[in-house]
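Below you'll find the structure, written out as structure tokens, and then a few comments.
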Amino acid sequence: MQNPSGRRHLLLLVLITCCLLFIVGYTGRLAEQARLEAAVAMWDSRIGASQARQAELRAELDYVRSDAYIHRQAREVLNLVLPGDQLVVLVDEPPAQTDPVSAPGMGAAQMSPPNWLQWIELFFPTEE
């Protein structure tokens, strides 16, 4: 038979080993729990951002479907008018024509040709 002090040492060694195994398993579970909580927080923030974006898009969709948007687009983009309205088109006043000979520093070579001549030159280039 073994002596009682040897049994105590063996029992103490088994108890310490079990405690160490428990501690290692517990810390592993704590680390896994912290990782999962961080993942949940990240997904919660992404869900919040998606819900905010969805609210913005719904508001924009409601505005685009409204009569005010349709009237605005018809007036500004398509230049349509309501019955009884009068369309007014503002035209910028062309710059004053100056005589190329009397203008200082402006020779005949510096003047650009008329638009119709520029279009002809664009479509039918002359070889120089």
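By the helix-only formula, in which each DSSP H run with n ≥ 4 contributes -39500 (n - 2.57) and the sum is divided by residues, the chain has a 222 nm mean residue ellipticity of -22500 deg cm²/dmol. The string of couplings for the stretch 12-25 from the Karplus curve (6.51, -1.76, 1.60, θ = phi - 60°) is 5, 5, 5, 5, 5, 4, 4, 5, 5, 4, 4, 5, 5, x Hz, one whole number per residue in order, with x for Gly and Pro.
Laboratory data are not the source of any read-out in this text; all were calculated from the coordinates shown. Everything numeric here is computed off the predicted structure, so don't read it as measured data.
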